[in-house]
Structure formats: structure tokens, C-alpha cells
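The values are calculated or read from the model by the stated rules, or taken from the named source; none is laboratory data. Since we're looking at a predicted model, the values are computed, not measured. Note that we place each Cβ from the backbone using ideal geometry, even for glycine, and neighbour counts take in every protein chain shown. These area figures cover heavy atoms from the full protein model, side chains too; ligands, DNA and RNA do not enter into them. Shrake-Rupley method; radii C 1.70, N 1.55, O 1.52, S 1.80 Å.
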Amino acid sequence: MHRIAIYGKGGIGKSVIATALTAHYAQQGQSVLHVGCDPKGDSAPRLLEGGGTMETVLDMLSRNPNTASAQGVLHTGRHGIVCCEAGGPEPGLGCGGRGVAKTLEFLDEMEVISDGDQDVVVFDVLGDVVCGGFAAPLRRGFAEQILIVVSEEPMALFAANNISKAVKTYSRNGVFLGGFIANLKSEGADRDLINRFAEALSTRVLAFIPRDPEVQLAERRRLTIVESAPESPAAKAIMALAEDIVGADAEAAPLPTPLSDEEFFEFIKE
């Protein structure tokens, strides 16, 4: 079983990439569980037929925890993908990170992840690992390979640096940093900056995803880019990335060497 967690700051495009990877693995005949770990609850529904809505784990637990079951929150999407969404509290009420932690605890109790039925498990996680709840896939050892979506923007790299700190902290649980996925914001993006940053953190850039108008068209159709436009540059980059991910060697991955905040801000001045 490949257990992959995809992190990144809000708006960086991690759900676009995470769902596309999930769809690609499923199209290749693998059984996939996709777990959305964001209070917005907008990851796994993208994989449902017609892009419909779905009940989240927090919805079910808040309604009647005594009758909660795995069947109530596991939904079968396109290509046979098993979809699950953590959900979150009403805006301004409660902690979204705690919702992620409760979801993973529930899935663990129901033996959804440990039953071995899946070839691939993809966790799509909001990149705010300052909160222990969003770090739950690392802290509890649910995920194994951690991928961080970045861009050429300083704050995207800052978030990646913080996430790398969490990976280092929880490496004792068997998690490792597989690398960065660069989701470029402009055609003239400074790729060298991203490569140098990856090198500074003792990791690598797995893929540069080019800006592609087909991504927005796919989003409007509630499809992933690999389904909507498989011959597009972005889809081809993601499909190549998918193969690189499953071929990763955990033992060969070095421990990340994140920068201090002072070192980071000095780095981006260069």
C-alpha cells in the first residue's frame, strides 16, 4: 500500500494535483482511497460522478456518533475510487484541525486504512501544520510519503519550510519527504529558485506543473485534468509524477533540513 499525503498552503493547487493523482492511479486499475482533510470539504467530492456533494465524517459524528459507520462516510466515485471527506465545523466555531484528527481516529477504529484493501491511499491536507490536527497524518503515522505543493511565491515556500519541519519532527513514525511539486503561477517562473530551495532542504523537485488553461476547464466540468484533457501539458506532467511517486525509496530519502525563519528570509533575498 502506498500512503501519500499531499500538503501545501491554501490556494496552491494541492487539491487539483491530489485528485488528479488519485484519478490516474484508479484509471491504471489500482484501488484507491482518497481522504480529503480540509474543513472546506472540497477535495473528495470532485471525484464523485457529476461532482456531487457527500456527507462528511464530522457531519455524521455530530448527528449521531452512536450509529456512525464506515459505510456512512465512504462513497464510491468515478473509476471505483473510495472517497471520504473529513469536513469541518461551521466557520468561526471549533477547530478545523481537530476535525481532521477525529476523522483519522474514526477511520483507524473502523480499520478502513489498515484492512489492506487499497493499493493507494491519498490524503489531501491543508498545509497549516502549526495546528497538530492538520499534522495528524504525520503524527499518527497514517501517511508514509509526504509531498509538498509549492510555487515560486515566497509564502508558498515559507509554508513548505514549516511543513518540512513537521516531517522532520515525525520522521520517527516512518514518514519521509518525497519532494516538492512545483505548481507554477506564471510561465516565466523562477525554477532555479525552487530547485535551490529544495536543495537547501535536502529534498528534490519531483515535477514542474506548467500553467495550463485546461485545468480551469476541467474544474468547471468537475473533472480532474487527467480525465478532462489527458493530452494536455499539465495532465502529462501529473501522470509522469504519479509514476515517480510510487517508485520512491523511503530508505533513500534524506531527513529534511528545514531553515530557521531567519535563514528562510535571508534565502529568498538572494
Item to check | Selection within region 5-28 - free of Cβ contacts under 8 Å to residues at least 60 places away in the same chain and touching a strand residue (DSSP E or B) at 6+ places or on another chain (Cβ under 6 Å) | outcome: Ala26
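Filter region 224-245 down to residues that are open to solvent by less than 70 Å² (accessible area, probe 1.4 Å) and without any contact (Cβ under 8 Å) to a residue 12 or more places away in the chain, then give me how many there are.
Going residue by residue through region 224-245, those that are open to solvent by less than 70 Å² (accessible area, probe 1.4 Å) are 224-230, 232, 234-235, 237-242, 244-245.
Subset that is without any contact (Cβ under 8 Å) to a residue 12 or more places away in the chain: 230.
Here the count works out to 1.
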Checklist entry - Residues of region 246-260 being open to solvent by less than 60 Å² (accessible area, probe 1.4 Å) and assigned to a helix (DSSP H, G or I), which ones? => result Val246, Ala250
Item to check | Scan of region 1-23 for residues that are assigned to a helix (DSSP H, G or I), surrounded by 24 or more Cβ atoms within 10 Å (Cβ to Cβ) and of a type outside the set (Gly, Ala, Ser), ordered by number | outcome: Lys14, Ile17, Thr19, Leu21, Thr22
Checklist entry - On the given criteria, is Gly132 at pLDDT below 80 and buried (at least 24 other Cβ atoms within 10 Å of the Cβ)? => result no
Next on the checklist: Given the condition among the polar types (S, T, N, Q), open to solvent by 10 Å² or more (accessible area, probe 1.4 Å) and farther than 22 Å from Asp261 by Cα, answer yes or no: does some residue in region 215-223 qualify?
Outcome noted: yes
Checklist entry - Gly87 is checked against (1) crowded, with 19+ Cβ neighbours inside 10 Å; (2) not in a loop (DSSP other than H, G, I, E, B) and fails just one. What number does that condition carry? => result (2)
Checklist entry - So, in region 29-76, of the ones that are in contact (Cβ under 8 Å) with a residue 60 or more places away in the chain and polar (S, T, N, Q), which residue ends up least open to solvent (accessible area, probe 1.4 Å)? => result Ser43
Checklist entry - Just wondering, is there one or more residues in region 230-245 that are out of contact with any helix residue (DSSP H, G or I) (no Cβ under 8 Å at 6 or more places or on another chain), modelled with pLDDT under 95, under 14 Å from Leu21 (Cβ atoms) and part of a loop (DSSP other than H, G, I, E, B)? => result no
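Keeping to region 246-260, report how many residues are free of Cβ contacts under 8 Å to residues at least 12 places away in the same chain and either touching a helix residue (DSSP H, G or I) at 6+ places or on another chain (Cβ under 7 Å) or more than 27 Å from Arg211 (Cβ to Cβ) (or both). Step through it out loud before you land on a result.
To start, the set of residues in region 246-260 that are free of Cβ contacts under 8 Å to residues at least 12 places away in the same chain comprises 247, 249, 251-252, 260.
Next cut, either touching a helix residue (DSSP H, G or I) at 6+ places or on another chain (Cβ under 7 Å) or more than 27 Å from Arg211 (Cβ to Cβ) (or both) only: 249, 251-252, 260.
Total meeting the criteria: 4.
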Checklist entry - in a helix (DSSP H, G or I) and surrounded by fewer than 16 Cβ atoms within 10 Å (Cβ to Cβ), is that true of Asn195? => result yes
Next on the checklist: Checking Phe180 against (1) open to solvent by less than 40 Å² (accessible area, probe 1.4 Å); (2) without any contact (Cβ under 8 Å) to a residue 40 or more places away in the chain; (3) in a helix (DSSP H, G or I): exactly one of these is not met. Which one?
Outcome noted: (3)
